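The values are calculated or read from the model by the stated rules, or taken from the named source; none is laboratory data. All values reported here derive from a predicted model rather than from experimental measurement. Reconstructed Cβ throughout: ideal geometry from the backbone, glycine too, with neighbour counts over all protein chains shown.
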Amino acid sequence: MTTAGDKRNKSGGTGAESVAARTAVSLEYDGINAPRVTASGEAELADQILQIASDHDVPIYRDESLAKVLAKLELQDEIPASLYVAIAEILAFTYQLQDLLWIEET
């Protein structure tokens with residue numbers, strides 16, 4: 001699962017967008033230990049993380065606040081207990097989506 005925060009502001013009348021902040025954090029959950037941070041980055045690195053996730057059909061959950069909190073962790077760190085419920089809800093949702101997609105493909 002990859003968590004991303006992407007804050008975009010419209011610029012005056014042209015329809016062009018400028019990116020104020022981009023953060024992406026990738027988590028891995030082995031089913032035994034707490035989920036851990038496997039990648040984290042801002043700006044262009046965040047774009048690369050999101051592209052790799054997309055290329056490999058990894059679910060992307062967009063939440064700027066959560067991405068900023070997770071980005072403070074070191075690579076390979078497990079998420080803190082204070083985030084267990086939030087991450088568990090996201091993981092449960094992504095597993096349900098994967099099940100639905102699998103059913104549609106069969």
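Kindly indicate whether residue 41 is outside any helix (DSSP H, G or I), at pLDDT below 90 and out of contact with any Pro (no Cβ under 6 Å at 6 or more places or on another chain).
On the way: outside any helix (DSSP H, G or I): yes; at pLDDT below 90: no; out of contact with any Pro (no Cβ under 6 Å at 6 or more places or on another chain): yes.
When the stated conditions are applied, residue 41 does not pass them.
Just give me the residues in the range 1-38 being modelled with pLDDT of 90 or more, among the hydrophobic types (A, V, I, L, M, F, W, C) and not in a strand (DSSP E or B), in sequence order. Break it down into steps so the answer makes sense when it comes.
Residues of the range 1-38 modelled with pLDDT of 90 or more: 22-38.
Those still in the list that are among the hydrophobic types (A, V, I, L, M, F, W, C) too: 24-25, 27, 32, 34, 37.
Hits for the range 1-38 are 32, 34.
Could you count how many residues in the range 56-106 are in a helix (DSSP H, G or I), loosely packed, with under 13 Cβ neighbours inside 10 Å and acidic (Asp, Glu)?
So the count comes out to 4.
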